[in-house]
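Chemist: Pasting in a structure now, in structure tokens, and then I'll have a few things to ask.
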Amino acid sequence: MQGINFIAIDFETATRKRASICEAGICVVRNGKIAETRSWLVRPEGNYYSYWNMQIHGIRPSDTENAPEFPEIWTKITEYLGECPVLVAHNAIFDIGCIRHSLQFYHIKKPDITYYCSLRAARKLYNFDCNKLDYLCDQFEIPYRLHHRAGDDAEMCARLFLREIRDAAKCDHENMDFCNGKL
């Protein structure tokens, strides 16, 4: 998979608001191989959390009370985007929405980034009754540690998308334009 480069990304939020990111994760893929996985805790505005979100990811206000806010973490993420301005997310409408809303909330200029959605790709390529990230990883025996933690989910997404790229070639899909967009 020489020449396949992208950054899988995942966010966990403190509330239903997309700009309430409390954890960001990336998985860098260079030449079709996992090169690096990182995650950062992020202090959401007011460090306020909804009960239901805490039940999903287990992150609490005490975990992020001294964490940097989104602008500082976005600066770190954009360093990676400089070498590869292509993002992949599972259910990209959520994660790309987190980026858009956070950029707007913090008055940060939106960069020119292409993104792909591994969920849309899965729906096009496979015939599973369920297309959740952990379910698909189980079907393809893709290993993972903690589902709903941003770094782990980003790596799960990267591994799944690499599988989808291989399978798309087998299905005569010349490219993955059916699952992409612009930030």
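The values are calculated or read from the model by the stated rules, or taken from the named source; none is laboratory data. Predicted, not measured: the structure shown is a model, and the values here were computed from it. Note that each Cβ is placed from the backbone with ideal geometry, even for glycine, and that neighbours are counted across all protein chains shown. The accessibility values were calculated without ligands, DNA or RNA, using every heavy atom of the protein model including side chains. Shrake-Rupley method; radii C 1.70, N 1.55, O 1.52, S 1.80 Å.
Chemist: I'd like the carbon and sulfur percentage of the solvent accessible area for segment 1-40, probe radius 1.4 Å, heavy atoms only, ligands and nucleic acids excluded.
Modeler: Reported share for carbon and sulfur atoms: 41 percent.
Chemist: Roughly speaking, what is the centre-to-centre gap between segment 60-98 and segment 112-183 when only Cα atoms are used, to the nearest Å?
Modeler: So the two Cα centres are separated by 19 Å.
Chemist: Still on this structure: Could you work out the relative contact order of segment 15-163? I mean the mean sequence separation of Cα pairs under 8 Å and 6+ apart, divided by the number of residues, in percent.
Modeler: 29
Chemist: Over the C-alpha atoms of the chain, what are the Rg and the largest Cα-to-Cα span, Dmax, in Å?
Modeler: 15.8, 50
Chemist: Residue separation times 0.36 nm, minus the C-alpha to C-alpha distance between Ser62 and Asn127: what's the value?
Modeler: 19.2 nm
Chemist: Here's something else I'd like to know. Within segment 4-23, list the residues whose amide N lies under 15 Å from a label point set 7 Å along Cα→Cβ of Gln55.
Modeler: Answer for this model: 15-16.
Chemist: Just to check, using Stokes-Einstein with a Kirkwood Rh over alpha carbon pairs, what's the diffusion coefficient of segment 74-130 at 10 °C and 1.306 mPa s in µm²/s?
Modeler: Translational D for this selection: 125 µm²/s.
Chemist: If you fit an axis through the alpha-carbon atoms of helix 92-105 and take the longest principal axis of the Cα set of the chain, what angle between them do you get, 0 to 90°, nearest 10?
Modeler: Here the helix axis deviates by roughly 30 degrees.
Chemist: List the trypsin sites (Lys or Arg not before Pro) within segment 118-183 that DSSP assigns to loop and that have no more than 12 neighbouring Cβ atoms inside 10 Å.
Modeler: The qualifying sites are Arg145.
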